Amino acid sequence: MSYIDGFVIAVPNAHREQFIEHARTFDVIFLEYGAIRVMECWGDDVPDGKLTDFRRAVQATQDESVVFSWVEWPDKATRDFGMGKLMEDPRMPAASDMPFDGKRMIFGGFKPVVSVPD
């Protein structure tokens, strides 16, 4: 079964196109190192919750949108190898010029327990 890296970030609305270009530039590197798919999703229907929500989780301001992203890998071994290679890739220092505040990013690796259809 596959392995998923998930990310939630707040991106200034004024930087939407810059974010998309950033993602198009760097997401292909994930694919080069074994990822099956990369999805970058701009918040469209992200409601405020009573106790917690995506916006609070990343401390999004009124002029920011929540972006929910994930990288699908064939398995954890491929992910571990690919992420190691990604961090060593000479193109990655340019990724530090992110159009969002990376300190507010939430991320983690996940083992799927249900996949429909499959």
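The values are calculated or read from the model by the stated rules, or taken from the named source; none is laboratory data. Quantities reported herein were computed from a predicted structural model and do not represent experimental measurements. Every residue, glycine as well, gets a Cβ built from its backbone with ideal geometry; the counts of neighbours run over all protein chains shown. With ligands, DNA and RNA removed, areas are computed over all heavy atoms of the protein, side chains included. Shrake-Rupley method; radii C 1.70, N 1.55, O 1.52, S 1.80 Å.
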Response to the item:
Quick calc: nm separation of the 7 Å Cα→Cβ label points for ARG56 and PHE107 -> 2.5 nm
Worksheet entry | Listed residues THR25, THR78, THR52, most fluctuating in the chain (Gaussian network, C-alpha, under 10 Å) | THR52
Worksheet item: Counting Lys +1, Arg +1, Asp -1, Glu -1, what net charge surrounds SER2 among other residues with beta carbon under 10 Å of its beta carbon?
Response: +1
Fill in: Helix-derived mean residue ellipticity, 222 nm - over the chain, DSSP H n ≥ 4, -39500 (n - 2.57), to 500
-9000 deg cm²/dmol
Worksheet item: Expressed as cubic angstrom per residue, what is the convex hull volume of the alpha carbon set of segment 3-110?
Response: 100 Å³
Response to the item:
In the neighbourhood of GLY84 defined by beta carbon distances under 14 Å, the net charge of the other residues (Lys, Arg +1; Asp, Glu -1) is -2
Fill in: Those aspartates and glutamates that a straight Cα-Cα span of less than 14 Å connects to LYS76, excepting residues fewer than 8 apart in one chain
ASP5
Worksheet entry | Overall Cα dimensions of segment 54-110, principal axis frame, Å, largest first | 38, 26, 13
Worksheet, complete the sentence: Most fluctuating of PRO74, PRO12, PRO93 in the GNM of the chain (C-alpha, under 10 Å) is PRO93
Worksheet item: With every protein chain left in place, what is the accessible area per residue of the chain in square angstrom, probe 1.4 Å?
Response: 65 Å²
Worksheet item: Measuring from centroid to centroid over Cα atoms, what is the spacing of segment 17-58 and segment 67-89 in Å?
Response: 15 Å
Worksheet item: Of the chain, which part is the longest with no trypsin sites (Lys or Arg not before Pro) in a loop (DSSP not H, G, I, E, B) and with at most 12 other C-beta atoms within 10 angstrom?
Response: 1-49
